[in-house]
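Shown next, in structure tokens, is the structure this report addresses.
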Amino acid sequence: MSKHNDQPARVTVKTLLKRKEDGQKITMLTCYDAAFAGILEKSTLDMILVGDSMGNVVLGMKDTITVTMDQMVHHTAAVARVTSRVMLVADMPFMSYNISLEQSLINATRLIQEGGAHAVKVEGGTAIVPQVRAMVQAGIPVVGHLGLTPQSIHTLGGYKVQGRGDEAQKMIREAKELAEAGVCALVLELVPQGLAKEISAAIKVPTIGIGAGPDTDGQVLVLHDMLGFPSEFSPKFLKRYATLGETIAAAVAQYDLEVKGGSFPSAEHSFQ
Ligand code: KIV
């Protein structure tokens, strides 16, 4: 609790490190708007990621590549307005941190200053270490992301498990490089369980897995996927904790039926 009021204290980069040291798991979910963020804020969840999965999940795009900086800032700000407890991480979209150090810093600053994020997330290993270092040195907390990195989908050739065979040593090396450059957490996406465990043991920075098994320091899922919004997307690692898609469809069908049948609005919902 904070000293000055009864508001729970904000989850920070220090909280994440302490969790790892104490062997306590970290929880993160994606979120893209104020309506859902208000609910997550009242839970005991530690972190919200305004992920560029927003492209797939709420903007109707076919991948994350067409998500823009302006869209990320707009949605991050919506989540920031209604949160004061969770740690808020915003994805840097495709190519917003690859062209130059200067542009990386300008774009990360926008997500922190205009969006209200507490950290930015970037995908990739050795190639982006200079950008990570520059942002960290400028005082911007950075979350790394290895394994399946959806912004490189055309290079990877599909949404497949990464780090099998010879690739494993490379991923361990890149995780160490990112940790050394100063990332405050590292997302591991679609990585074999054993490799995720090895990486988590090899670095002091907390790892947050999605499709990486139970041995990472925390877990993240895409909110709409775990809530059961209808989607073709049904990977092995996903657990659906609700069937909101079905609940919403049933509510809409009932509303449509009642209005067309004349039973809504009734006297109860009308002013005399
Ligand atoms: O954009 C996103 O939702 C992500 C998570 C899958 C980690 O990067």
Q) So for segment 1-121: antiparallel DSSP bridges make up what percent, rounded to the nearest 5? A) 0 percent
Q) If amide H atoms are built 1.01 Å from N in the plane of the peptide, which residues on other chains or at least 5 residues away come under 5 Å of the amide H of His145? A) Val122, Gly124, Val187
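Step by step: find N for segment 3-99, compute 2.2 N^0.38 Å, then divide the Cα radius of gyration by it. What's the final number? Each step should come with its number before you reach the end.
Details: Rg = 14.7 Å, N = 97, 2.2 N^0.38 = 12.5 Å.
The reported ratio for this selection is 1.17.
Roughly speaking, what is the stretch gain from Ala35 to Glu268, that is 0.36 nm per residue apart minus the C-alpha to C-alpha distance, in nm to one decimal? It would help to have the intermediate numbers written out before the result.
Numbers: separation 233, 0.36 × 233 = 83.88 nm, distance 2.72 nm.
That pair, Ala35 and Glu268, stretches by 81.2 nm at full extension.
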Q.
How long are the semi-axes of the equivalent ellipsoid of segment 98-220, taking √(5λ) for every eigenvalue λ of the Cα gyration tensor, in whole Å from largest down?
A. 24, 15, 13
Q | Integer Hz, Karplus 6.51/-1.76/1.60 couplings in order for segment 147-153, x for Gly and Pro | A | x, 6, 10, x, 5, 9, 4
Q.
Once you place label points 7 Å from the Cα toward the Cβ at Leu238 and Asp70, how far apart are they in nm?
A. 3.0 nm
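Quick one: pull the percentage of alpha-carbon pairs in segment 55-137 with a separation above 18 Å.
Details: 1404 of 3403 pairs.
Of the Cα pairs, 41 percent sit more than 18 Å apart.
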Q. What length, rounded to one decimal in nm, is gained on full extension from Leu156 through to Glu102, with 0.36 nm per residue of separation minus their alpha-carbon distance?
A. 16.7 nm
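Kirkwood Rh over Cα pairs of segment 139-187 into Stokes-Einstein at 10 °C, 1.306 mPa s: D in µm²/s?
Values: Rh = 11.8 Å.
Estimated via Stokes-Einstein, D reaches 135 µm²/s.
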Q.
Among the listed pairs Lys20/Lys62; Lys18/Lys42; Lys14/Lys62; Lys42/Lys260; Lys18/Lys239, which have their C-alpha atoms separated by more than 31 angstrom in this model?
A. Lys20/Lys62; Lys14/Lys62; Lys42/Lys260
Q. Taking the simple approach of a point 7 Å from Cα along Cα-to-Cβ for both Val136 and Asp63, what is their distance in nm?
A. 2.9 nm
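Values quoted throughout were computed directly from the atomic coordinates according to the rules given, and no laboratory measurement underlies them. Remember, predicted model here, so these are calculated numbers, not experimental data. Note: ideal-geometry Cβ built from the backbone for every residue, glycine included; neighbour counts use all protein chains shown.
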